[in-house]
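The values are calculated or read from the model by the stated rules, or taken from the named source; none is laboratory data. As the structure is a prediction and not an experimental result, all values here were calculated from the model. Positions of Cβ are generated from backbone atoms using ideal geometry, with glycine treated the same way; all protein chains shown enter the neighbour counts.
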Amino acid sequence: MPAVRASRPALWASVLLAAACAPGLVPAPRPGVPVVASIPAPPSEEVAAALRARRLAMPVAGVRAAQVRDAFADGRGERLHLAVDIMAPRGTPVLSADDGRLLKLRSNALGGITVYAVDPEERFVYYYAHLERYRDGIAEGMPVQRGDTIGFVGTTGNAPPDVPHLHFQVARLLDARRYWEGVPIDPLPYLREAAGDGARVVSRTAPSQTQTQSPTPTRVGVPRPTVPVLEAEPRP
């Protein structure tokens, strides 16, 4: 049987997405210049258990976790993706993955129209990027419940204009005053486990006396807001 080849539009879409959807666009590494990004250490047993208990919901309506490609460790020039991209038609509702509150509504050149939200204990920050617009009536500080619509899938920021998707990142919150920073955690295994679409998440166990201590988690920031908060609801 001949091999199935991807269509040219699908191939170009994946190339454009890999090039654009990233914490930041950077030049290709120069010869002899080391890559300055690393995959964060897996979360501790305690942190993993806390995130597993949140039972994260798929943040895009109509999409199953099993349909989402694992792109957490994908390269983006000198950086790593450290998030998942959830493909959906433009205007598809973006849903809150957890209970909690909306921390910040921001716009920046990379993520476009974005939402930062936190869980009730403020242990985790959820970053939703490339929105087409916000849902009418949302505001910073308002409580949200899992499954509430907070916006709509789009291509704002550095997303390819013909590849609408949600860039979704989860990070352990280290300092609420610097909410755009934290230790990213691959959300896909937790989304799949909560939906029954994958095996149970296996956490990092505490090292024994004969084991080497795991490296210190890498603190990596999602795009820092570079544009003042939007005063009015953006329109498509």
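Listed here are the residues, each with its yes/no results for (1) modelled with pLDDT of 95 or more; (2) among the β-branched types (V, I, T); (3) surrounded by fewer than 17 Cβ atoms within 10 Å (Cβ to Cβ).
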position	(1), (2), (3)
R64	no, no, yes
L95	yes, no, no
G112	yes, no, no
E121	yes, no, yes
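Condition test on A83, is it touching a helix residue (DSSP H, G or I) at 6+ places or on another chain (Cβ under 6 Å) and buried (at least 17 other Cβ atoms within 10 Å of the Cβ)? Taking the combined requirement at face value, the residue does not satisfy it. Given the options G157, G137, G198, name the one that is of a type in the set (G, A, S), at pLDDT 90 or above, assigned to a loop (DSSP other than H, G, I, E, B) and surrounded by fewer than 16 Cβ atoms within 10 Å (Cβ to Cβ). Step by step, each of G157, G137, G198 is checked, and only G137 is of a type in the set (G, A, S), at pLDDT 90 or above, assigned to a loop (DSSP other than H, G, I, E, B) and surrounded by fewer than 16 Cβ atoms within 10 Å (Cβ to Cβ).
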